[in-house]
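Let me begin by presenting the structure, written as structure tokens, before commenting on it.
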Amino acid sequence: MIDGRAAIAADGERSPVAAGDVVVEPGVDHRLVDIEKVPVVLVFFAPAEGTLAEA
């Protein structure tokens, strides 16, 4: 999270997140909740572990 303050809800749990935090949630439904300050995020997507992209 580049800026902001909220909580991340994933797999039945909630954890606070704020500027400087990194969240990794592979294969789990997740969302920002309890937003206290507008979030600014940088999101990366990658192939699933163990898969190879073929050209």
Self-check item: Inter-residue pairs, beta-carbon under 8 Å, first more than 20 Å from Phe44 (Cβ to Cβ) and in segment 11-23, second at pLDDT 95 or above and of a type in the set (Asp, Glu), 6+ apart
Solution: Arg14/Asp34
Quiz item: Mind checking whether some residue in segment 6-17 is among the small types (Gly, Ala, Ser), at positive phi and within 13 Å of the chain's Cα centre (by Cα)?
Solution: no
Practice problem: Would you mention how many residues in segment 20-38 are at pLDDT 95 or above and either in contact with a Phe, Trp or Tyr (Cβ under 8 Å, 6 or more places away or on another chain) or not hydrophobic (A, V, I, L, M, F, W, C) (or both)? | Solution: 5
Exercise. Filter segment 29-45 down to the residues that are free of Cβ contacts under 8 Å to residues at least 40 places away in the same chain and surrounded by fewer than 10 Cβ atoms within 10 Å (Cβ to Cβ), then identify the one that is farthest from Met1 (Cα to Cα).
Key: Asp29
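The rows are residues; the columns are (1) modelled with pLDDT of 95 or more; (2) surrounded by 10 or more Cβ atoms within 10 Å (Cβ to Cβ).
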| site | (1), (2) |
| --- | --- |
| Asp3 | yes, yes |
| Ala10 | no, yes |
| Ala18 | yes, yes |
| Pro47 | no, no |
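The values are calculated or read from the model by the stated rules, or taken from the named source; none is laboratory data. The shown structure was predicted, so the numbers you read here are calculated from the model rather than taken from an experiment. Backbone-built Cβ (ideal geometry, glycine too); neighbour counts: all protein chains shown.
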